[in-house]
Amino acid sequence: MAGKQYWQLLLVVSLCGCRSSDAIRMGAVPAIKLSRVPLSMPPAESEEPEMSPEALDASPAEPIQLASQEIFSQEDTIVAENEEPPSPTASSGAHSLVEAVSIALAQNPDLIALRQTEQVGVAAYGVAATYPFNPFLQVQATPYQDAAARGPGTTSHYVLLMQRIQLAHQQQHREDAAFSSLNGVRWNIHQAELQAVSLTAQFYFAVLYQRGLLEVARASQENNAQLFEVLSKRFEAGDAAAADVATVRVDLLSTRQQLQMADANYQSALRNLRRQIGMPIDSPYEFEGDIRQIRWQLPHRDAMTRDLNIELSQQVSAAKDWVAGWVTSRPDVLAAQANIDVARANLRLATADRVPDVQIGPYYQADPDGMSRFGFRAEMNLLVVNSGKPLENQRIAELRQQTTIWQQTLVRAELEAQAAYERYEFAYRNLEQAASSFTEELPLELQSLERQFRQGEVDVVRVIQARTSILQNQRAHLDLLNEVAQSAGLLIGASGIPLETLVSQ
């Protein structure tokens, strides 16, 4: 469990870089970059009943932020009917936490299904990026016409070629809306990946916790079995009372039931983890590690300063500000900001649609009297009844709605992250305070009592009481470790903090 490499993979979905609209338009795919991007503030709500497009255009425009999720090609995502998808399982019979997270990111059914939405977004962007160049051709021919000057049998024909021209850059606004929508889809995928990592870590730690309880229950059952064997022999020799034998027998039955329950809980934890990572429930692979060997830590000031990228003279001592710095780049918050970009682009498109399109093109006409005409023809709608203002008002309301959603998403994310951090800090403090009172092996006093019992110098009740105290101590230790581990997993999902920040190297 030790070593920095053990936790490296958990950084994959913590927070990723961005790229500009030119990169996606050229088909460039950046490498995964572990950085947090600042948010561009959405347009503030106006106190007036309407929000003018000019005010929106005056707001600071920043490049649309994209998650660095690669666009899977059809060859990578579409599996042939008779072809089985590859299974990223390890060659050994036990998986580490990194391997479990890797398998979850590759095989979790919900993630596989959600990633397909990116292909839809890419295709939708391709549609929006295609200029609606679709001219129409109109042909009219009169094979028989009785012209007064030329007599019957005269033929006339008419040819018209027209193309719609957009005068207010509607194409650019449609492209921006589709691009921002794709941006939001990718951030939603990253949010699902972050939650998958958080749940996988929690299930993984639950497996280690239940395994520790199983080991304690097995040790208790073995010790009671040995004690019962020794006491039975002494009873047969007449050196032990029947009441002592009955007491140990009852205790042996109790520990045997506890062992069966601990094994059932361990198998249930294994099934939950296998289901989470997309592994068959009856898979023979186990998971390595010992929850008692993990060394946790509270993020120190240097980590806060490095992550917030501030000067040493501006060190942030409050963990609240440090956690809030991570929350601003949580994927669901960035997805909500992408929805603001979509609403803004739709508003600009509605404003542009108030400028009517022009249909223009050449025509050729041959009259029955022998005269030929060649020229141009133009058409334009007159915005007398429908000026496009109602649709523009709707888009303004949608923009305000998305701005409010972004603000409340950020507030909710901060509350969740603060609660998760306080839970982790509280669990860590409790573990740190009780660390000196824990023991993983039987103390010398208990070993001395057992020797005295074999020699007939002490009563069996004292041995049982001593063993019960030790087992309770070990279970309490495991409970505190599990609380720290589970709170760390929740903190990952609530803030995007990498687990290696919470683990002592």
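The values are calculated or read from the model by the stated rules, or taken from the named source; none is laboratory data. Everything numeric here is computed off the predicted structure, so don't read it as measured data. A quick note on method: Cβ atoms are made from the backbone with ideal geometry, for glycine too, and the neighbour counts reach across all protein chains shown.
Looking at residue 137, is it of a type in the set (A, V, I, L, M), exposed (fewer than 12 other Cβ atoms within 10 Å of the Cβ) and modelled with pLDDT under 90?
So residue 137 passes the test.
Examine the range 178-197 for a residue that is within 20 Å of residue 469 (Cα to Cα) and part of a helix (DSSP H, G or I), and state whether such a residue exists.
Within the range 178-197, none of the residues are within 20 Å of residue 469 (Cα to Cα) and part of a helix (DSSP H, G or I).
Within the range 117-133, which residues are among the β-branched types (Val, Ile, Thr) and assigned to a loop (DSSP other than H, G, I, E, B)?
130
Enumerate the pairs (first residue in the range 344-366 and assigned to a loop (DSSP other than H, G, I, E, B); second residue anywhere and of a type in the set (A, V, I, L, M, F, W, C) and buried (at least 16 other Cβ atoms within 10 Å of the Cβ)) with beta-carbon separation below 8 Å, excluding pairs fewer than 6 apart on the same chain, so at least 6 apart or on different chains.
From residues that are assigned to a loop (DSSP other than H, G, I, E, B), the pairs are 353/168; 353/391; 354/168; 355/168.
Taking the range 383-408 only, how many residues are free of Cβ contacts under 8 Å to residues at least 12 places away in the same chain and acidic (Asp, Glu)?
Counting residues in the range 383-408 that are free of Cβ contacts under 8 Å to residues at least 12 places away in the same chain and acidic (Asp, Glu) gives 0.
Quick check on my filter: what residues within the range 484-505 are assigned to a helix (DSSP H, G or I) and touching a Leu at 6+ places or on another chain (Cβ under 8 Å)?
484, 485, 488, 489, 491, 492, 493, 499, 500, listed by residue number.
Sort through 429, 377 and tell me the only one that's surrounded by fewer than 14 Cβ atoms within 10 Å (Cβ to Cβ) and under 20 Å from residue 162 (Cα atoms).
Exactly one residue qualifies, and that residue is 377.
Starting from the range 369-382, take each residue that is within 16 Å of residue 159 (Cα to Cα) and list its partners that are in a strand (DSSP E or B) and of a type in the set (Phe, Trp, Tyr), counting only C-beta distances under 6 angstrom and pairs at least six apart or across chains.
Listed by first residue and then by second, the contacts come to 374/364; 377/363.
Farther than 30 Å from residue 191 by Cβ, modelled with pLDDT under 95 and surrounded by fewer than 17 Cβ atoms within 10 Å (Cβ to Cβ) - does that describe any residue in the range 392-400?
yes
Looking at (1) out of contact with any Cys (no Cβ under 8 Å at 6 or more places or on another chain); (2) surrounded by 15 or more Cβ atoms within 10 Å (Cβ to Cβ), which one does residue 190 not meet, given that it meets all the others?
Among (1) out of contact with any Cys (no Cβ under 8 Å at 6 or more places or on another chain); (2) surrounded by 15 or more Cβ atoms within 10 Å (Cβ to Cβ), residue 190 violates only (1).
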